[in-house]
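Right, one structure below, let's go through it.
The values are calculated or read from the model by the stated rules, or taken from the named source; none is laboratory data. Computed from a prediction, not measured in an experiment: that's the story for all the values here. Cβ atoms come from the backbone with ideal geometry, glycine included; neighbour counts cover every protein chain shown.
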Amino acid sequence: MIHDMMIPFRRNTVLSQAGYGELVRGPDSGHPPTIPTADRETNAPSWCVQSPPRTIAADHRSSYGRNMTAPTDLIRDPRVYRLAAVGQAADAAACIGPIPYITRCLDTVEYPQTNRWIFPVVKGASAIGLASVTRSPTLARLTAIMLTVYFTLAVSAHVRVRDFGLNAAAATSFLLFYGALAATGPADVGDTP
C-alpha cells in the first residue's frame with residue numbers, strides 16, 4: 001500500500017505524494033520507507049498541515065535578490081498620504097482667492113459663486129486629515145473616502161455640463177487616486193520600509 005503512494009524519483013529514492021516532495025528512501029535501498037510524521041500541535045499528518053504564509057518581501061524578489069514592492073504597498077505608504085496632503089493644502093491656498101484658472105473651472109461647471117467659500121475649507125480639512133496618517137490612520141482613510149465622494153461629485157458636474165476636457169480628466173484621475181487610497185487604506189506604521 002505504501003508503494004501506491006510513491007512515484008519513482010531517482011535510483012534508491014522516491015518522491016512521496018503524501019509529503020509534497022519530501023524525499024524518502026526507496027524499497028531497494030535496504031531501508032524501510034519513511035512515512036511523513038504527524039504535526040505535534042494539531043496531530044494531523046504533515047501533508048495536511050498548512051505552511052506558514054509567506055511575506056510579501058519573500059514573494060516579490062527580483063533575480064538579483066532585491067525586494068520588489070507590490071502596487072498596494074506603494075499606495076499604502078504614509079509618504080503618499082503626506083504628498084497628497086501637500087497637494088490638497090496647495091489647492092486650498094489656490095482656492096482662497098481663487099486664482100483665475102479655478103474661477104474658470106467653477107464657472108464652466110456652473111457652480112454658484114455664493115457657495116465657493118466652501119472649497120478652501122474642505123480642501124484644508126482634507127489636507128489635515130491626510131497628514132494625520134501616522135497618528136490616526138483611520139482618519140486618513142476616512143479623509144480618502146470623503147475625497148473619493150468629492151471627486152465623484154466633481155466628475156459628475158463635468159459630465160452634466162458636457163465638459164470632457166483637461167479639467168474633467170484631472171478630476172477623474174484624482175477620483176481614481178483617492179479611490180485607491182480609500183480602498184487600500186494606509187499601512188501600519190511598522191509595515192513601512
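I'd like the residue in the stretch 54-96 that is in a helix (DSSP H, G or I) and at pLDDT below 70 and, out of all such residues, is nearest to residue 184 (Cα to Cα). If you could, list the steps in order and put the result at the bottom.
Narrowing the stretch 54-96 to residues in a helix (DSSP H, G or I): 56-59, 71-75, 78-96.
With at pLDDT below 70 added as a condition, the list becomes 56-59.
Values: 56: 16, 57: 18, 58: 21, 59: 19 Å.
Filtering first and then ranking leaves 56.
When only residues in the stretch 124-165 that are among the aromatic types (Phe, Trp, Tyr) and modelled with pLDDT of 95 or more count, which is surrounded by the fewest Cβ atoms within 10 Å (Cβ to Cβ)? First the steps, then the outcome.
Of all residues in the stretch 124-165, those among the aromatic types (Phe, Trp, Tyr) come to 150-151, 164.
Now drop any that are not modelled with pLDDT of 95 or more, which leaves 150-151.
Values: 150: 18, 151: 20.
Restricting to residues being among the aromatic types (Phe, Trp, Tyr) and modelled with pLDDT of 95 or more, the top hit is 150.
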Exercise. Can you find even one residue in the stretch 171-192 that is in the same structural domain as residue 86 (by TED's automatic domain parsing), at pLDDT 95 or above and more than 22 Å from residue 71 (Cβ to Cβ)?
Worked result: yes
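Filter the stretch 66-123 down to residues that are among the acidic types (Asp, Glu) and within 28 Å of residue 164 (Cβ to Cβ) and give me whichever is surrounded by the most Cβ atoms within 10 Å (Cβ to Cβ).
Checked the stretch 66-123; the qualifying residue surrounded by the most Cβ atoms within 10 Å (Cβ to Cβ) is 91.
Yes or no, residue by residue, for (1) farther than 18 Å from residue 76 by Cβ; (2) in contact (Cβ under 8 Å) with a residue 24 or more places away in the chain; (3) among the β-branched types (Val, Ile, Thr):
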| residue | (1), (2), (3) |
| --- | --- |
| 123 | yes, yes, no |
| 134 | no, yes, yes |
| 138 | no, no, yes |
| 157 | yes, yes, no |
| 160 | yes, yes, no |
| 165 | yes, no, no |
| 180 | no, yes, no |
